[in-house]
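Asks: Pasting in a structure now, in structure tokens, and then I'll have a few things to ask.
The values are calculated or read from the model by the stated rules, or taken from the named source; none is laboratory data. Just so it is clear, the model here is predicted, and its values are computed rather than measured. Here the Cβ positions follow ideal geometry from the backbone for every residue, glycine too, while neighbour counts run over all protein chains shown.
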Amino acid sequence: MQHFEPNDWKKYIITFLVTGALFLSAFWVSNYFTGRKIDQVKIAEDKISLDLMSSEIQFSLLQEMSCKDVSTNALSSELNSLAEKISYSESNIGTENSNVVSLKKYYSILEIKDYLLMKRITERCGQKSVFVLYFYDNDTCADCTKQGYVLTSLKEKYPALRVYSFDYNLDLSAIKAMISIYNVPDKMPALVINGKVYSGFQSIETVEKNFPQLKTLKKKEIPESKETTKKSA
Amino acid sequence: MDSLYTIVFYVLSFLSVYVQVFFLITFLQKRKQIVYHADNLELASYPSVTVTVPCFNEENTIDKTVKSLLALDYPKDKLTIFLVDDGSTDTTWQKIKEFESHPNIKIFHKENGGKHTALNIGLVHAVSEFVGCLDADSFVHPQALKRIMKTFESYPKTMAIAPSIIVYNPKNILQTAQKIEYDMAVYTKKMLGFMGGIHVTPGPFSIFRKKVFDDLGPYRKAHNTEDQEIALRMQEHGYKIDHCPDAYVYTVAPNSVLKLYRQRIRWIYGFIKNLIDYRRLIFKKKYGTIALFTLPSGFISILGAIFLFGTVIYNIGSYASRKFVQIQTVGIEGTPSFHFDWFFVNTQAALFFSVILYILVIVSVVLGRRMAEGRAGFSLTIFYFIIIYSIIAPFWLLRAIYNAIRSHESSWTFERQSATEAK
């Protein structure tokens, strides 16, 4: 008994519309949370910016006074926490996303400001410190992931080590100026340690050997939360 | 590469959600038409029915199977049972012979030739108006036949009716997971029945008007999935297949991963090969739901499961490789500390699509449980199904695809032989 049922086209279309609506809702919810996260990073950056300005002013005001009163550690950990968030945003929202790029530029500027201020403070106060400017490339640098691990590990070992990470290809004049000032080659990863340039992957042993000052830094005494060095593959 | 992956992910997710929404909309439209028969059900007339039980090495279950058929609440003079021994190598034939004297039962013994040949013996000898089959590892509910025949009575255009298959007495997590799957299938099968899109008339107790075989010919080997092939053949010829949700048949589910793996390779292999054999139906609007929905969605679910599996393997591999590089570079570091920050909770759209899909699957399971067992509740055992199948299903899917490409058939006889050896 042949009997072909007529197709219920209306149901196919309604299903399509309902599924589409579910998908749009999922995108909307995702965008909402992404927006919240970007706002959170912006707020953190603004806070760091304010803190940096405050430190700069504090430094200027206290020029004639004791170096003990200048705090230097809080900002470093906040910058590191921000680095983790920007790195996560890059992998989850996208390296090309304009909001992420903008946050990253802001972050890089904050890093440079922190670097300049800390350099002045350590020079003026005669503090022992080692500054590492780390240039990486998100696209073609196979060794950058390894270099990131090395620097994270070194920071763990020597909390006073100050590592500043920069995306070599980020379109930011301040980074370009640093590259130009330190003659950073385009072979990534590249490190500038207390003004001296190293190109290509540097192992922990190499860095420690080439930089005996590191050993004069106070080593980590008690375990604390791990901070990740920004870079990444 | 990333963008290609994203496109494939979104397309597969959309189609998978589409399939579940389609079922749900059908349910909302037709829920009042789902009939549950009363216990004191009576029919206007009781047509004659022949049920064939193909057996290959079923010595452990045949007795219970036959007794469940004899206990059917159906006039005895209208019910004939054929027990066909397909060349068993155990004591099945001796067990069958014990029923030889029963007036309703006829027994047959033949050389091993595969399940379809055993079923065709039944078709050759049947003189009834309706014919059916019952796998020898399954047992029928006493009211099952009456309920099916009532559905035929109510819908004279229906040419075959599939029952609701329930896993019998699950004893381990694997069988419980299968029970959830079978319960969900009660729901999806009924919805496909409403839409005219059923693609399998399962071995356990599907009943046909004999005219189906008179018109379309006997069972075919059909890559050892003759129950899929006959359903597709019927769909091609516009023969309506329905589902009777309260015609319960209890089946013994494979109790080990290996047995389940073998069974599913046979099913999926059969589905793929039958899909290829009946590719002329796909997207031809004349054939309705089977062409526009059932077959494409089966194909999508295979692709989706493999894609998901590939993604998981890739992520595990990528994590392992990162860890390896890290250990190689800086050695093994102390135990990392964990601090919760909602910022690092994944809020990508992909996650929400997956959540929507899983919610819809859980809704299907809950509705299926309600239809199969009258229980609407959510049970944590649902996660057995989701977790176990997510892990092991891709293996049989990939193997079935591999076999399909190489045309390496997985045999029902072999499956039965292995099951017997394992007992």
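Asks: Tell me, which residue of the range A:36-56 that is more than 10 Å from chain B (Cβ to nearest Cβ), surrounded by fewer than 19 Cβ atoms within 10 Å (Cβ to Cβ) and not hydrophobic (A, V, I, L, M, F, W, C) is farthest from B:Phe343 (Cα to Cα)?
Replies: Among those residues, the one meeting the criterion is A:Glu56.
Asks: Just for helices (runs of 4 or more DSSP H) wholly inside the range B:206-308: which have at least 2 residues that are buried (at least 22 other Cβ atoms within 10 Å of the Cβ) and in contact (Cβ under 8 Å) with a residue 60 or more places away in the chain?
Replies: Qualifying helices (runs of 4 or more DSSP H): B:226-236, B:257-277.
Asks: Could you tell me whether A:Ser77 is at pLDDT below 85, surrounded by fewer than 19 Cβ atoms within 10 Å (Cβ to Cβ) and more than 21 Å from A:Ile175 (Cα to Cα)?
Replies: In short, yes.
Asks: Which residue out of B:Asp77, B:Asp85, B:Asp63 is in a strand (DSSP E or B) and among the charged types (D, E, K, R)?
Replies: Exactly one of B:Asp77, B:Asp85, B:Asp63 is in a strand (DSSP E or B) and among the charged types (D, E, K, R), namely B:Asp85.
Asks: Only residues that are in contact (Cβ under 8 Å) with a residue 40 or more places away in the chain and over 18 Å from B:Val167 (Cβ atoms): list them for the range B:362-395, please.
Replies: B:Val363, B:Ser390, B:Pro394, B:Phe395
Asks: For the range B:130-151, does any single residue satisfy the condition of being buried (at least 20 other Cβ atoms within 10 Å of the Cβ) and among the acidic types (Asp, Glu)?
Replies: Yes, the range B:130-151 contains at least one residue that is buried (at least 20 other Cβ atoms within 10 Å of the Cβ) and among the acidic types (Asp, Glu).
Asks: For the structure I just gave you, tell me whether B:Ala44 is part of a loop (DSSP other than H, G, I, E, B) and free of Cβ contacts under 8 Å to residues at least 60 places away in the same chain.
Replies: no
Asks: I'd like to verify a number: residues in the range A:17-35 that are more than 30 Å from A:Leu79 (Cβ to Cβ) and either at the interface with another protein chain (Cβ under 7 Å from one of its Cβ atoms) or under 26 Å from the mean Cα position of the chain (by Cα) (or both), how many?
Replies: Of the residues in that region, 7 qualify.
Asks: Does A:Thr140 satisfy the condition of being hydroxyl-bearing (Ser, Thr, Tyr), more than 23 Å from A:Ser81 (Cα to Cα) and modelled with pLDDT under 90?
Replies: Yes.
Asks: Just checking, does the range B:31-41 include any residue being over 29 Å from B:Lys76 (Cα atoms), part of a helix (DSSP H, G or I) and within 11 Å of another protein chain (Cβ to nearest Cβ)? Walk me through it before giving the result.
Replies: At the first step, the residues of the range B:31-41 found to be over 29 Å from B:Lys76 (Cα atoms) are B:31-33.
Narrowing further to those that are part of a helix (DSSP H, G or I): B:31-33.
Narrowing further to those that are within 11 Å of another protein chain (Cβ to nearest Cβ): none.
The answer is no, given that none of the residues of the range B:31-41 is over 29 Å from B:Lys76 (Cα atoms), part of a helix (DSSP H, G or I) and within 11 Å of another protein chain (Cβ to nearest Cβ).
Asks: Of (1) within 13 Å of another protein chain (Cβ to nearest Cβ); (2) modelled with pLDDT of 85 or more; (3) surrounded by fewer than 20 Cβ atoms within 10 Å (Cβ to Cβ), A:Ser98 satisfies all except one. Which?
Replies: Every listed condition holds for A:Ser98 apart from (1).
Asks: Considering only residues that are assigned to a helix (DSSP H, G or I) and at pLDDT below 65, which ones fall in the range B:390-419?
Replies: Within the range B:390-419, B:Trp412, B:Thr413, B:Phe414, B:Glu415, B:Arg416, B:Gln417, B:Ser418, B:Ala419 qualify.
Asks: Among the residues of the range A:157-172, is there at least one that is within 13 Å of chain B (Cβ to nearest Cβ), in contact (Cβ under 8 Å) with a residue 24 or more places away in the chain and either in a helix (DSSP H, G or I) or under 20 Å from A:Asn80 (Cα atoms) (or both)? Steps first, answer last, please.
Replies: Start the filter on the range A:157-172 by keeping residues that are within 13 Å of chain B (Cβ to nearest Cβ), which leaves A:157.
Remaining after also requiring in contact (Cβ under 8 Å) with a residue 24 or more places away in the chain: A:157.
Those left that are additionally either in a helix (DSSP H, G or I) or under 20 Å from A:Asn80 (Cα atoms) (or both): A:157.
The answer is yes; a qualifying residue exists.
Asks: If I filter the range A:1-16 down to residues being loosely packed, with under 13 Cβ neighbours inside 10 Å and at the interface with chain B (Cβ under 7 Å from one of its Cβ atoms), which single residue comes out as modelled with the highest pLDDT?
Replies: The extreme case among them is A:His3.
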